[in-house]
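Notes follow the structure.
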Amino acid sequence: MWNLYKKNKIRYLSTSYQIQTKVNEENLHSQRTTFSIKLLELLHSKRRMVYMDETSFQCWDWPRKVFRYSGEKHYVTIPSSRGEGLTIIGGITTDGEFHYIIRSTTNKENVQDWFLHISAHVDLKDSVVLMDNHASHHSNDIKEYCNDEEIFRLFQPASSSEFNPVEKIWSIMKHKWR
C-alpha cells in the first residue's frame, strides 16, 4: 500500500484552507490607524476597558492531514449540518478579570445576558467595551442597554483581532480543545 502512494508521489500532508475576502488594504490601514489613536486616548483616560468577544467550539472535527499528491492543495468541504456546538461569550478587563457565559450561539439576547453577567461583578458605568463587528453587537437592544448603563462601545476595525487581547485566550482554549 505505502509503495503505491510513494510510486504515485502521494504524501500525507496538511490540508489547505483559504479564506477569500475583498479588503481595501489602504482603507483598512486608515481605519486601524484611527482606531489605534482612539484606543490609546481611552487607555490614557484611565477608564476601565473590557475586551469582549465570542468564540465557538464545534463538537465535530475535520481532517488536518490527508493523503494527496505533492504540490496539490486539498480543500475540505465542511458539512452544513455539523452537530452541536457551544459559544463562549467573554471579556477580560484591564484589571485582569475574565467574565464569560456559555451559550449555544451568539445573538443579541445572549450578548445582553453577558452584559448582565459581567455587570453583576464589575461596575461598567463609564467603562469602554471593545468588541468586534458581530451583528448582535450593533443591535438596537445592545445599543440601548449600553446607553442606559453609560457604557461606551468601541468597535474594532474589520480583520483586526490583534487589538483584542481576549483573542489570545480563545487561541489557547482552541489549541487545548483540538
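So that you can scan it fast, the table gives a plain yes or no per residue for (1) loosely packed, with under 11 Cβ neighbours inside 10 Å; (2) β-branched (V, I, T); (3) modelled with pLDDT under 90:
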| position | (1), (2), (3) |
| --- | --- |
| S70 | yes, no, yes |
| H74 | no, no, yes |
| T77 | yes, yes, yes |
| G85 | no, no, yes |
| I89 | no, yes, no |
| D95 | yes, no, yes |
| H99 | no, no, no |
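Failed condition for A158, given (1) at pLDDT 90 or above; (2) under 29 Å from N27 (Cα atoms); (3) assigned to a loop (DSSP other than H, G, I, E, B); (4) hydrophobic (A, V, I, L, M, F, W, C), with all others met?
(1)
Between residues in region 13-39 that are over 21 Å from L154 (Cα atoms) and residues that are basic (K, R) and at pLDDT 60 or above, which pairs lie under 7 Å by C-beta distance while being six or more apart or on different chains?
Note: pairs meeting the criteria are L13/K65; L13/R68; S14/R64; S14/K65; T15/R64; T15/K65; S16/K73.
Please go through region 118-148 and give me each residue that is within 18 Å of T94 (Cβ to Cβ) and surrounded by fewer than 18 Cβ atoms within 10 Å (Cβ to Cβ), ordered by number.
Listed by number, the residues that qualify are S119, H121, V122, D123, K125, D126.
Could you tell me whether any residue of region 128-136 is assigned to a loop (DSSP other than H, G, I, E, B) and in contact (Cβ under 8 Å) with a residue 40 or more places away in the chain? Don't jump to the end; show me each part of the working.
Quick first cut of region 128-136, residues assigned to a loop (DSSP other than H, G, I, E, B) only: 132-134.
Filter once more, so that each one left must be in contact (Cβ under 8 Å) with a residue 40 or more places away in the chain: 132, 134.
Yes: one or more hits.
The values are calculated or read from the model by the stated rules, or taken from the named source; none is laboratory data. Remember, predicted model here, so these are calculated numbers, not experimental data. Backbone-built Cβ (ideal geometry, glycine too); neighbour counts: all protein chains shown.
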